[in-house]
């Protein structure tokens, strides 16, 4: 059974005739062609699919699309632009924090949410915030440096 679901993603409103229990990730990737969020584990355990809902990080692979009606969804495509990247995106580039890039969407989105609620995190707070985001390439040290760098840049 399908319903008309109204979504606001990256400031744009969309109406889709879709099953209400469809995972948000599938809608973002398949219907809206926003491919930044990745399918990793499908169990909300790895963080590759992280998006922001009302500014809070959620795992879109296990988040039903009907739960975002009336709420603002931000994907990595809506965080910044090539011409004007979000400070977290800029810091990840400057610190060369991506290797394969698969986890980076989730890392960036989680870090952006952290810095919005805590503009001056210490290393422990950064590690705790990113603990649920997995990276198999081993760039954790650069990722942590990038988040710290973004915090300092945003504090200026």
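Residues in region 12-39 that are under 13 Å from the mean Cα position of the chain (by Cα) and in a loop (DSSP other than H, G, I, E, B): 34, 35, 36, 37, 38, 39. Only residues that are touching a residue at least 60 places away in the same chain (Cβ under 8 Å) and over 23 Å from residue 59 (Cβ atoms): list them for region 119-156, please. Result: 153, 154.
One line per residue, one yes/no per condition, for (1) assigned to a helix (DSSP H, G or I); (2) surrounded by 22 or more Cβ atoms within 10 Å (Cβ to Cβ):
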residue: 66; (1), (2): yes, no
residue: 70; (1), (2): no, no
residue: 88; (1), (2): yes, yes
residue: 91; (1), (2): yes, yes
residue: 99; (1), (2): no, no
residue: 127; (1), (2): yes, no
residue: 137; (1), (2): no, no
residue: 145; (1), (2): yes, no
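Here is a list of conditions, (1) surrounded by 15 or more Cβ atoms within 10 Å (Cβ to Cβ); (2) touching a helix residue (DSSP H, G or I) at 6+ places or on another chain (Cβ under 6 Å); (3) outside the structural domain of residue 150 (by TED's automatic domain parsing), and residue 35 meets all of them except one; can you say which number that is? Only one criterion is unmet by residue 35, namely (1).
If you check residue 108 against the conditions, is it in a strand (DSSP E or B), surrounded by 14 or more Cβ atoms within 10 Å (Cβ to Cβ), under 15 Å from the mean Cα position of the chain (by Cα) and at pLDDT 95 or above? Write out each step before concluding.
Working: in a strand (DSSP E or B): no; surrounded by 14 or more Cβ atoms within 10 Å (Cβ to Cβ): yes; under 15 Å from the mean Cα position of the chain (by Cα): yes; at pLDDT 95 or above: yes.
No.
Based on what the data block shows, is residue 43 over 12 Å from the mean Cα position of the chain (by Cα), assigned to a helix (DSSP H, G or I) and at pLDDT 95 or above? Working first, answer last.
Details: over 12 Å from the mean Cα position of the chain (by Cα): yes; assigned to a helix (DSSP H, G or I): no; at pLDDT 95 or above: yes.
Against the criterion (over 12 Å from the mean Cα position of the chain (by Cα), assigned to a helix (DSSP H, G or I) and at pLDDT 95 or above), residue 43 does not qualify.
Among the residues examined, residue 77 does not qualify as farther than 19 Å from residue 139 by Cα, assigned to a loop (DSSP other than H, G, I, E, B) and either modelled with pLDDT of 95 or more or not assigned by TED's automatic domain parsing to the domain that holds residue 139 (or both).
The values are calculated or read from the model by the stated rules, or taken from the named source; none is laboratory data. Small disclaimer: the values here were computed from a predicted structure and weren't measured. Cβ: placed from backbone, ideal geometry, glycine included. Neighbour counts: every protein chain shown.
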